[in-house]
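Data first, discussion second: the structure below is written as structure tokens.
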Amino acid sequence: MVDPGRIHTFAGAALIGGAMVLFGAGYAIFHALAGLSRSRRFAYISLVSYAALAACALALVPLLDLEGWWLGLIALLLIGYFVAPRFIWRLSLAVHGEGGGPPEGAARPED
Amino acid sequence: MTLGGINYHELSFAQRLSVKYFTVAMVLFLAQMLFGLLAGAQFLWPDFLFGVLDFNVNRMVHINAMVVWMLYGFIGSIFWLVEDESGVPLVGPRIAEATFWVLTLAVTVVVVVYLVVQSGPGNQWTLWLINEGREYIEAPRWADIGIVLCMVAIFYNVAGTFVAGRWSGISGVLVLDLIALAGLYLAGMFYTTNLPMDQYWWWWVIHLWVEATWEVLVGCIMAWGLIKTLGARRRIVTTWLYIEVALMFGSGILGLGHHYFWIGTPEYWLGIGGFFSALEPIPLVAMVVHAVYDAGRHSFRSNNHPALAWLIAHAFGNFLGAGVWGFMQTLPQINMYTHGTQWSSSHGHLAFFGAYTTIVVAFIYLAIQRLRGDVWMSAGMDGAWRWKWALALLHIGMVGMSIALLIAGYEQSFVERAVGGSTWQAYFAGQTQPWFVQAMWWRMAFGVLMTAGLVLLLVDFLRAGAQETRPIKSLALPQAAAAGG
């Protein structure tokens, strides 16, 4: 059994885990929007979302008593969530920037 | 072709076969809902149908129906695209037709046996003929062998057709994925008396199907669907399919470890499962970037709005159900309290619906468009309220049900696991608390709402596009003219 004073921590940690992924999506969305519109405001919101994500990740450390290599996992998470949307953005530019063949679908609306 | 009419005989053989697969899929989807409602009612009234149709049977049919209807939906989608993608007719139409009927007959017999023989001794005889006893894949051994043979026959037809015709990125990934799909099922067919070892292999089927091969299969279907609904460029779609396969397999295969936390496997699985499970949402988050990029750079117009709406629902549903709901309970420090509670059930419901129901429904709308003579299926077509309301009811019902189950799971984790220490007494204490009982009522209410949405969806499948007389070409021609001008 768990110390009654501690039983709220795992539930809080679960919600923070979910929030972390949502902030990750927020970071990704606003990073992409900033790239599309060249808006500084979106870029700031993107960074604030990432900061919230980082705060969630760090909050997991005391809540779940993480130590040893689990701290390394948190660090890797922070790196992964930071790098992946930027990587995909660059890939989007590279893939689309090279042009392409004629479309196959019935509707051809983008040109 | 008759615009707005039923053009079944104008379809190719493989497409007609797809319609059969989709029909059975929807019958099973309805059965899944009805048995889910019965099982939900038994949480509220435990004596309801006791001894006639027990909870364990309702739950088993509910889940098995879901697995099978989704497989039918996937197979139907594959047959729908195979001739278009390869450029040649199906190589073995007779085998394909026979496979459908054998598979459907086998599924019917298995379900009837589930319902007729609900209890009794378990031995080698029952394992072969009645119920294998493994959760989610309870089909008896004879049916297991039949399923694998049918999958081999389907593989022969799909791979053979591509060999006879032309290969593409989509077809290559699809064929390799079908090998993995059939091969992994074998891991759930042998039996050991060592329970941890048995569970170890059983999870290969459950996890690696759902979080690896099914995801890739859906990626192939979605790639083809995007080309057809949005006119997306094949080279770009194929490139993203490869990236998705790499990301999904990279995190998903060893994400299997989150099922090995508590089954008696070595402790290192805590670390492996925790690490790769934490990585699993990253592909989903990263893909958000590409969706925003495409939406911003290209003002796509679709000729099939219901299909596009369900494809968008797929992108969000997959992220929310699998990504957010999954990560909430995937770290072992949290999962210790939540696994096996209604919390897991909440994740399962939302993830399966978001990732798989949505894509099969989207594909059926693509098929309906063709069946109706390639009519323009817009948001304003006659009777469009039906698909919009069906979409809304199904989603409100599913999200509401998932939140209700989450609350029930939260209460179970506290009372049964954390405070009660997972004793048998605590198990029952957890299910009599007011929060749990109220959550079950809400789950039932949202389940009824969802069933109403499904009935409306099925009606729309029969009626969508029936009054439409504008062909798809009427959309494409002005653009072509504009491009030419």
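The values are calculated or read from the model by the stated rules, or taken from the named source; none is laboratory data. Please read these numbers as outputs of a predicted model, since none were measured by experiment. For neighbour counting, all protein chains shown are included, and Cβ atoms are generated from backbone atoms with ideal geometry for every residue, glycine included.
Structure notes:
- Number of positions in the range B:387-419 that are more than 22 Å from B:Gly36 (Cα to Cα), crowded, with 20+ Cβ neighbours inside 10 Å and either free of Cβ contacts under 8 Å to residues at least 12 places away in the same chain or over 20 Å from the mean Cα position of the chain (by Cα) (or both): 6
- Just one of the listed residues (A:Ala25, A:Ala43) is free of Cβ contacts under 8 Å to residues at least 40 places away in the same chain and either at positive phi or facing chain B (nearest Cβ under 10 Å) (or both), and it is A:Ala25.
Yes/no matrix, rows are residues, columns are (1) among the hydroxyl-bearing types (Ser, Thr, Tyr); (2) surrounded by 15 or more Cβ atoms within 10 Å (Cβ to Cβ); (3) outside any helix (DSSP H, G or I); (4) modelled with pLDDT of 95 or more:
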| site | (1), (2), (3), (4) |
| --- | --- |
| B:Thr432 | yes, no, yes, no |
| B:Gln438 | no, no, no, yes |
| B:Thr451 | yes, yes, no, yes |
| B:Phe461 | no, yes, no, yes |
| B:Ala466 | no, yes, yes, no |
| B:Ala476 | no, yes, no, no |
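- For the range B:49-61, the candidate set comprises residues that are touching a residue at least 12 places away in the same chain (Cβ under 8 Å) and not in a helix (DSSP H, G or I); within that set, the residue that is farthest from B:Val27 (Cα to Cα) is B:Asp54.
- If you check B:Phe276, B:Phe249 for being within 11 Å of chain A (Cβ to nearest Cβ) and part of a helix (DSSP H, G or I), only one passes: B:Phe276.
- If the condition is being more than 9 Å from chain A (Cβ to nearest Cβ), of a type outside the set (D, E, K, R) and assigned to a helix (DSSP H, G or I), then the range B:408-425 contributes B:Ala408, B:Gly409, B:Gln412, B:Val415, B:Trp424, B:Gln425.
- Unmet criterion (only one of (1) within 30 Å of B:Met377 (Cα to Cα); (2) in contact (Cβ under 8 Å) with a residue 60 or more places away in the chain; (3) within 13 Å of another protein chain (Cβ to nearest Cβ); (4) among the hydrophobic types (A, V, I, L, M, F, W, C)) for B:Leu270: (1)
- Here the condition is being of a type in the set (Ser, Thr, Tyr) and over 25 Å from the mean Cα position of the chain (by Cα); of B:Thr229, B:Thr238, B:Thr265, it holds for B:Thr265 alone.
So that you can scan it fast, the table gives a plain yes or no per residue for (1) out of contact with any Leu (no Cβ under 7 Å at 6 or more places or on another chain); (2) in contact (Cβ under 8 Å) with a residue 40 or more places away in the chain; (3) not hydroxyl-bearing (Ser, Thr, Tyr):
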{"position": "B:Met26", "(1), (2), (3)": "no, yes, yes"}
{"position": "B:Asp47", "(1), (2), (3)": "yes, no, yes"}
{"position": "B:Ile63", "(1), (2), (3)": "yes, yes, yes"}
{"position": "B:Gly76", "(1), (2), (3)": "yes, yes, yes"}
{"position": "B:Thr108", "(1), (2), (3)": "yes, no, no"}
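- The single condition from (1) out of contact with any Gly (no Cβ under 8 Å at 6 or more places or on another chain); (2) not in a helix (DSSP H, G or I) that B:Arg166 fails is (1).
- Candidates B:Gly183, B:Gly271, B:Gly255, B:Gly169, filtered to the one that is surrounded by 21 or more Cβ atoms within 10 Å (Cβ to Cβ) and either at pLDDT below 90 or under 25 Å from the mean Cα position of the chain (by Cα) (or both): B:Gly255
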